[in-house]
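Reading through the structure tokens given below for one structure.
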Amino acid sequence: MTPAQDDHARLEQTAYRKFMDVVAGRRSCRRYDGTRPVPRELIEDCLEAARLAPSACNRQPWRFVVADDPQTVARIRTEARMPALVHPWWDEVPVFVALCARLDLVTHRVAPAVSGIPYYLIDAGIAGEHFVLAAESLGLGTCWIGWFRARAVARILDVPRRIRVLSLLTVGWPATDMEPRQQSRLPLDQIASWNRWNSTREGK
Ligand SMILES: Cc1cc2nc3c(=O)[nH]c(=O)nc-3n(C[C@H](O)[C@H](O)[C@H](O)COP(=O)(O)O)c2cc1C
């Protein structure tokens, strides 16, 4: 075994293994135990993980609004649902977290105008996934929600106009009869290549 392989083998047994247990264990949770409250301390642990996320120019544009009081949660369930994909399982969701981002940061307005890359979306996505993975490590279920009425959520949660609501995260204890992972992933050779773009994988 080369020293590099030896290092790799050692890492496999330690931090990387634990990290991958969390990453591979996470799946979108759409069945919650609606009777079991989620302690605020656990949500705060997830928020702390989100707080440590990297961001363009370290501007940290993300903002989170946690809805855990029953009236607010009930309003989100009814007023933020979109037609077509109605998410009936929302009825059991005990906590919604609105993932928001500041739109008024100069760096996040000027830099994308030059590069064409909307950094605040990248930043918020990273922070949101930190939250989700922390939740997984604590045994909580989550689901990203992109199909919802963002304006309704902004109204219900009093989010000012300079802040954009980007996504909802549902949070709660998974129901005991959760289904196994449904969604497969593309193999590595279809999503990554070394040193140049691999055109042969396109269309697969
Ligand atoms: C940005 C984003 C938006 C999503 N929107 C929804 C949604 O509106 N409703 C839903 O049930 N799942 C939603 N999902 C969850 C995806 O369907 C899910 O992550 C994907 O199918 C992979 O499954 P897994 O999370 O169980 O691995 C969303 C995920 C992301 C990242």
Which residue out of 66, 106, 114 is surrounded by 19 or more Cβ atoms within 10 Å (Cβ to Cβ) and away from the ligand (no atom under 16 Å from the Cβ)?
66
Can you pull out the residues in the stretch 85-128 that are aliphatic (A, V, I, L, M) and free of Cβ contacts under 8 Å to residues at least 40 places away in the same chain?
86, 106, 110, 113, 114, 117
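Can you pull out every residue in the stretch 17-26 that is of a type in the set (Lys, Arg) and modelled with pLDDT of 95 or more? Steps first, please.
Step one: of the stretch 17-26, the residues of a type in the set (Lys, Arg) are 17-18, 26.
Residue satisfying the conditions is 26 alone.
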Quick one: in the stretch 134-160, of everything that is within 16 Å of the chain's Cα centre (by Cα) and either charged (D, E, K, R) or farther than 24 Å from residue 82 by Cβ (or both), which residue is nearest to the ligand (Cβ to nearest atom)?
136
How many residues are within 16 Å of the ligand (Cβ to nearest atom), part of a helix (DSSP H, G or I) and farther than 12 Å from residue 130 by Cα if we restrict to the stretch 3-52?
4
In the set 93, 97, 73, which member is in contact with a Gly (Cβ under 9 Å, 6 or more places away or on another chain) and over 30 Å from residue 56 (Cβ atoms)?
93
Picked from the stretch 53-76 (must be part of a helix (DSSP H, G or I) and among the aliphatic types (A, V, I, L, M)), the residue farthest from residue 101 (Cα to Cα) is 74
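The values are calculated or read from the model by the stated rules, or taken from the named source; none is laboratory data. A quick note: this is a predicted structure, and the numbers were derived from the prediction, not measured. Don't worry about glycine lacking a Cβ; one is built from the backbone with ideal geometry, like all the others, and counts go over all protein chains shown.
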